[in-house]
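Beneath this line is the structure, given in structure tokens, with notes to follow.
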Amino acid sequence: MIRLVLFDIDGTLVHTGGAGVKAFARAFATEFGVPDGAERLKFAGRTDVSLVREFFTLQCIEPSPENFDRFFTSYLHWLQQLIPDCHGGACHGVLEFYQELRARPEPPLIGLLTGNIKRGARIKLDRFNLWEKFPFGGFADDHEERPKIAAAALRRGSEQFGRDLRGEEVLVIGDTPLDIHCGRAIGAKVLAVATGGASLEELQRHNPDWSVPNLTHIASAQFFD
């Protein structure tokens, strides 16, 4: 039985109309003087820290703690400025699926597994009144690599549950091949949704346990049989 469900954010829980990418671009331009700094980066499924490190490498900028701090201070400022006017919302079926999970006789713990830094994740989810639904998770603050973020989310879920959870008791929900791979890194079951960074056919090539166009196409009850 699934005891822990971990959701990705961008393209899985919400669409923000590209507010995150725009905030990255503004930070690159205003803090480091590179007006097109986001154009060569592929954001889908990546972690914030790995994206910034790639930018520093491409621009021959020292990846020092001070420069990371400069970037993220600027990024959070711009994200806060841009998010109120973003065109987006919860992905199709998310709220209904969440309510189904919460209505179970023994509801699973529900958390986040995201490449966003925690403060960025909160800004995005607060915009749609979703942050409080996810009391814990794994974030890019925990590690630059998604498998290590998944391990952090699993550890926190186990602490909440009161014992070490096994991989088969965990369901990871995401919209990119990288979400599938990081779920596999902790031995979790994976539900891939084609609501964001990849088509259904591309997701299926990476062998998730389930793959659907969106969360209206699957009933949560089957994870608890």
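Each row is one residue, and each column tells you yes or no for (1) under 30 Å from ASP69 (Cβ atoms); (2) among the aliphatic types (A, V, I, L, M).
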residue: PHE134; (1), (2): yes, no
residue: ASP142; (1), (2): yes, no
residue: GLU169; (1), (2): no, no
residue: ASP175; (1), (2): yes, no
residue: VAL193; (1), (2): no, yes
residue: LEU200; (1), (2): no, yes
residue: ALA221; (1), (2): no, yes
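Considering only region 164-200, state which residues are of a type in the set (A, V, I, L, M, F, W, C) and without any contact (Cβ under 8 Å) to a residue 40 or more places away in the chain. So that I can check it myself, show each step before the final result.
Residues of region 164-200 that are of a type in the set (A, V, I, L, M, F, W, C), as a first pass: 165, 170-173, 178, 180, 182, 185-186, 188, 190-194, 198, 200.
If the condition is that a residue be of a type in the set (A, V, I, L, M, F, W, C) and without any contact (Cβ under 8 Å) to a residue 40 or more places away in the chain, then ILE180, ALA185, ILE186, VAL190, LEU191, ALA192, ALA194, LEU200 are the ones that fit.
Residues that are open to solvent by less than 20 Å² (accessible area, probe 1.4 Å) and either of a type outside the set (A, V, I, L, M) or without any contact (Cβ under 8 Å) to a residue 12 or more places away in the chain (or both): which helices (runs of 4 or more DSSP H) entirely in region 60-136 hold 2 or more of them?
65-82, 118-126
Could you say whether any residue in region 32-45 is open to solvent by less than 10 Å² (accessible area, probe 1.4 Å) and free of Cβ contacts under 8 Å to residues at least 60 places away in the same chain? First the steps, then the outcome.
The initial filter retains those residues of region 32-45 that are open to solvent by less than 10 Å² (accessible area, probe 1.4 Å), namely 37.
Checking the rest, the ones that are also free of Cβ contacts under 8 Å to residues at least 60 places away in the same chain come to 37.
Among the residues of region 32-45, at least one is open to solvent by less than 10 Å² (accessible area, probe 1.4 Å) and free of Cβ contacts under 8 Å to residues at least 60 places away in the same chain, which makes the answer yes.
Please determine, by comparing only the residues of region 21-31 that are in contact (Cβ under 8 Å) with a residue 12 or more places away in the chain and open to solvent by 10 Å² or more (accessible area, probe 1.4 Å), which one is nearest to GLY137 (Cα to Cα).
Restricting attention to region 21-31, the residues satisfying the condition of being in contact (Cβ under 8 Å) with a residue 12 or more places away in the chain are 21-28, 30-31.
Next cut, open to solvent by 10 Å² or more (accessible area, probe 1.4 Å) only: 21-22, 25-26, 30-31.
On the way: VAL21: 22, LYS22: 25, ALA25: 26, ARG26: 27, THR30: 31, GLU31: 29 Å.
By that ranking, first place goes to VAL21.
The values are calculated or read from the model by the stated rules, or taken from the named source; none is laboratory data. Keep in mind the model is a prediction, meaning the values are calculated, not measured. With ideal geometry, Cβ positions are generated from the backbone for all residues, glycine too; neighbour counts draw on all protein chains shown. Keep in mind that these areas ignore ligands, DNA and RNA; they rest on the heavy atoms of the full protein, side chains included. Shrake-Rupley method; radii C 1.70, N 1.55, O 1.52, S 1.80 Å.
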